[in-house]
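Notes follow the structure.
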Amino acid sequence: MKELSLHLLDVAKNSVAAGAKHVSITLDEDEDGWLTIAIADDGRGMAPEFLARVTDPFTTTRTTRKVGLGLPLLRLTAEQTGGSLSIDSTLGVGTTLTARFQRRHLDCPPLGDLPGAVALLIQGSPDMELTYRHTTPKGEAALSTAELRDILGDISLAEPEVFAWIQDYLTEQENEAAVDASPAAVSEGEVQ
């Protein structure tokens with residue numbers, strides 16, 4: 001995947017497929033260029049034997065194909081930047097995935113369209129509770145579907161106007177909190 005937002009969407013969709021009623025997505029960028037993405041859910045969780053091989057491309061819960069590349073590609077992407085991927089899961093409780101990336105590394109893909117990915121996830125699963133928080137040294141972007149429901153009342157979060165508003169709202173927040181961590185913005189001596 002060419003953007004981290006697509007990885008985020010893929011993992012969150014796995015949470016929905018696992019029956020999660022609540023998904024928490026947090027991104028934390030520090031001043032040293034490290035990005036930590038954590039996605040936690042209250043879905044079915046995974047048995048220890050499945051968890052041990054979940055990043056193997058030939059391990060998947062899908063019945064339509066025998067290969068699952070989402071988690072193996074995410075792990076590879078994180079490791080190529082000097083980062084890591086860890087998954088904690090308890091059967092019947094839920095799963096937490098944590099991925100770390102060095103954003104200044106030449107192999108780190110761009111964040112991509114985070115507002116679009118979050119809005120799409122909400123529109124596709126309008127009854128799910130979602131909390132989103134992206135913290136940078138410059139600020140924060142945050143959204144909670146519980147707060148949206150309080151404001152909107154009976155209006156579905158799947159409505160096109162709500163989708164557009166969520167995208168615009170998060171885009172504005174993300175732009176205010178943006179940190180340029182692209183390799184071009186870093187002196188040659190700092191690129192790993």
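The values are calculated or read from the model by the stated rules, or taken from the named source; none is laboratory data. Note that the structure is predicted; figures quoted are calculated from it, not measured. FYI the Cβ positions are ideal-geometry reconstructions off the backbone, even for glycines, and counts take in every protein chain you see.
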Could you list, ordered by first residue, the pairs with Cβ atoms under 7 Å in which the first is in the range 31-43 and under 13 Å from E129 (Cα atoms) and the second is in a loop (DSSP other than H, G, I, E, B) and of a type in the set (D, E, K, R), at least 6 apart or interchain? D42/K21
Surrounded by fewer than 20 Cβ atoms within 10 Å (Cβ to Cβ), more than 13 Å from the chain's Cα centre (by Cα) and either at pLDDT below 95 or of a type in the set (F, W, Y) (or both) - does that describe any residue in the range 21-30? no
Just to be sure I understand the filter: pairs with C-beta atoms under 7 Å, separated by 6 or more residues or on different chains, first member in the range 6-25 and on the phi > 0 side of the Ramachandran plot, second member buried (at least 18 other Cβ atoms within 10 Å of the Cβ). Which pairs pass? G19/G43; G19/R44
Test: A142 is buried (at least 20 other Cβ atoms within 10 Å of the Cβ), at pLDDT 95 or above and within 30 Å of L76 (Cα to Cα): no
Any residue at all in the range 135-157 that is under 28 Å from F50 (Cα atoms) and either in contact (Cβ under 8 Å) with a residue 12 or more places away in the chain or of a type in the set (F, W, Y) (or both)? no
Expected single match for polar (S, T, N, Q), crowded, with 21+ Cβ neighbours inside 10 Å, over 16 Å from L8 (Cα atoms) and touching a residue at least 24 places away in the same chain (Cβ under 8 Å) among T90, T171, T81 is T81
It is to be established whether one or more residues within the range 52-75 are more than 15 Å from the chain's Cα centre (by Cα), of a type in the set (G, A, S) and modelled with pLDDT of 95 or more. no
Those residues of the range 34-51 that are small (G, A, S) and modelled with pLDDT of 95 or more come to a total of 3
Would you pick out the residues in the range 1-20 that are in a loop (DSSP other than H, G, I, E, B) and either polar (S, T, N, Q) or in contact with a helix residue (DSSP H, G or I) (Cβ under 7 Å, 6 or more places away or on another chain) (or both)? M1
